[in-house]
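A short worksheet on the structure shown next.
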Amino acid sequence: MTRKIAVYPGSFDPVTHGHIDIMRRASAIFDEVIVAVLVNRSKTGLFTPQERQDFIHRSVADIKNVRVDSFNGLLVDYMRQREITTAIRGLRAVSDLEYEFQLAHTNRMLYPEMETVFLMPSVNYVYLSSTTVREVAMLGGELDFGVPAHVEKALREKYKK
Ligand code: PNS
């Protein structure tokens, strides 16, 4: 029987409870989930791609069918090379839709066999994003609402004066 494999791509700068929630949901649907960290924009990111991968790895160590990888360039090229046709994206609210439609349809134009599967995180995380987490961290606020303890520690170190 063919194994159902899906790629969950993103910047994950850094991974949040919302991302982890999506990883758990995806792992219950697919035989294998590859979390693929985008490298392209790493120069402008807060954490290096390797740090982001390590944070994810620690966050999902208990989920046996989730793997962490990175990719450079187009997502469709990464997926085609591995003969994977399913991508996962999290959908928090209607405000995500426009960007996600654009992304999904562009990817479909480039790789017609590709399907994007949207999963909803828990309602607890609909307001959560890496951007807000970075801002709260920069301004010294509490972070346990958004990220696991090991990521919170790394954020504190990053913004330590
Ligand atoms: O976490 P993000 O930043 O919302 O994730 C966006 C991501 C990484 C999925 C998207 O930017 C992406 O796939 N980038 C790689 C380049 C690419 O394939 N772009 C799609 C055509 S516009």
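Only the coordinates and a few stated rules stand behind these numbers; no lab work does. Quick caveat, the model's predicted, so the values are computed rather than measured. Virtual Cβ from ideal backbone geometry, glycine too; neighbours counted across all protein chains shown.
Remarks
- Most fluctuating residue given options F145, F12, F30, as computed from a GNM of the chain linking Cα atoms under 10 Å: F145
- Residue order, fewest to most surrounding Cβ atoms within 10 angstrom, among L74, L155: L74, L155
- Here S59, S129, S122 are placed in order of increasing Cβ neighbour count within 10 Å, fewest first, which gives S122, S129, S59.
- Amide H to amide H, with H built 1.01 Å from N, V147 comes under 5 Å of H17, counting only residues 5 or more places away or on other chains.
- Segment L103..N40, full-extension length gain: 21.1 nm, with 0.36 nm per residue of separation and the alpha-carbon distance subtracted.
- Using a Gaussian network model of the chain in which every pair of alpha carbons under 10 angstrom is joined by a spring, one finds that among A26, A87, A149 the greatest mean-square fluctuation is at A149.
- Amide H to amide H, with H built 1.01 Å from N, G90 comes under 5 Å of L119, counting only residues 5 or more places away or on other chains.
- Distance between region 48-88 and region 90-161 - C-alpha centres, whole angstrom: 15
- Low-density loop positions, trypsin sites (Lys or Arg not before Pro), region 9-92 - DSSP coil, at most 10 other Cβ in 10 Å: R41, K64
- The number of Lys pairs in the chain with C-alpha atoms less than 22 Å apart, excluding pairs fewer than 8 positions apart on the same chain, is 6.
- Considering the chain, its Cα convex hull presents a mean projected area of 9.6 nm².
- Among K4, K160, sorting on how many other beta-carbon atoms sit within 10 Å of each Cβ, with the fewest leading, yields K160, K4.
- Residue with peak Gaussian network fluctuation, the chain [Cα springs, cutoff 10 Å], from H105, H19, H57: H105
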